[in-house]
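*Asks:* Submitted below is the structure of interest, expressed as structure tokens.
The values are calculated or read from the model by the stated rules, or taken from the named source; none is laboratory data. These figures come from a predicted structure and were not determined experimentally. So basically every Cβ, Gly included, is an ideal-geometry build from the backbone, and we count neighbours across all protein chains shown.
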Ligand code: GLN
């Protein structure tokens, strides 16, 4: 197979805390292992963000860089245009917040988001949500086991009425302190509070994401990789979530 795909790492120099830029690396590697020809585009600050990619990945960051990223993404709407063409999007933490309908700027005032996800983020007037996060993706994402990530955010996110989360929170906070859900699912867009990078910790979620554009993913025949992921799963999930 020689099908070509373009993976766009969106503003990794602004938004990439906890190695979120690694999500693009993992996505590229798992596509290449399936025989795809992969082009990784680093859409960094002061470069044009392409709208013709197949996969878009954006990470987390502090309040000021996240506001700057939102300003840049509002110019020519590259992400919305890509999604309209059928691209998939993974947005983590700050990236998730700015792709909702509103988020909080460094001046602590609400700002308009890009509006891909039907959710609003406010500033929580209490402790930051920091620590291991375990999420059950439930039946919305069949074949994907419990998910593990690391969260660190002050913002709390409310999904609009009827909007779908990525999953149910089993440990940690996720979107907010009451709802016990994490992230959002909207068409081919996935939002989450899980750093990790989330695709390195949860390769089945990565494969699900890739399948949204390229269809069914064949299994990867690599015992060492499988074994490493099994151990990671045990360490990160069984240790944290004893339920
Ligand atoms: N600055 C945002 C918050 O604190 C996002 C943080 C992050 O991406 N880790 O809520």
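*Asks:* Out of all the residues in segment 9-56, which are without any contact (Cβ under 8 Å) to a residue 60 or more places away in the chain and in a strand (DSSP E or B)?
*Replies:* 9, 37, 38, 39, 40, 41, 42, 43, 56
*Asks:* Report whether or not residue 84 is exposed (fewer than 15 other Cβ atoms within 10 Å of the Cβ) and at pLDDT below 95.
*Replies:* So residue 84 does not fit the description; no.
*Asks:* Please find, among 133, 146, the residue that is under 18 Å from residue 60 (Cβ atoms) and under 18 Å from the mean Cα position of the chain (by Cα).
*Replies:* Of the residues listed, the single one that is under 18 Å from residue 60 (Cβ atoms) and under 18 Å from the mean Cα position of the chain (by Cα) is 133.
*Asks:* Can you name the condition, by its number, that residue 112 falls short on among (1) away from the ligand (no atom under 12 Å from the Cβ); (2) out of contact with any helix residue (DSSP H, G or I) (no Cβ under 9 Å at 6 or more places or on another chain)?
*Replies:* Condition not satisfied by residue 112: (2).
*Asks:* How about segment 117-134: which of its residues are within 16 Å of the ligand (Cβ to nearest atom) and buried (at least 19 other Cβ atoms within 10 Å of the Cβ)?
*Replies:* Correct list: 117, 119, 120, 121, 129, 133.
*Asks:* Quick check on my filter: what residues within segment 63-78 are touching a helix residue (DSSP H, G or I) at 6+ places or on another chain (Cβ under 8 Å) and either closer than 16 Å to residue 53 by Cβ or surrounded by fewer than 17 Cβ atoms within 10 Å (Cβ to Cβ) (or both)?
*Replies:* Of everything in segment 63-78, just one residue is touching a helix residue (DSSP H, G or I) at 6+ places or on another chain (Cβ under 8 Å) and either closer than 16 Å to residue 53 by Cβ or surrounded by fewer than 17 Cβ atoms within 10 Å (Cβ to Cβ) (or both), namely 73.
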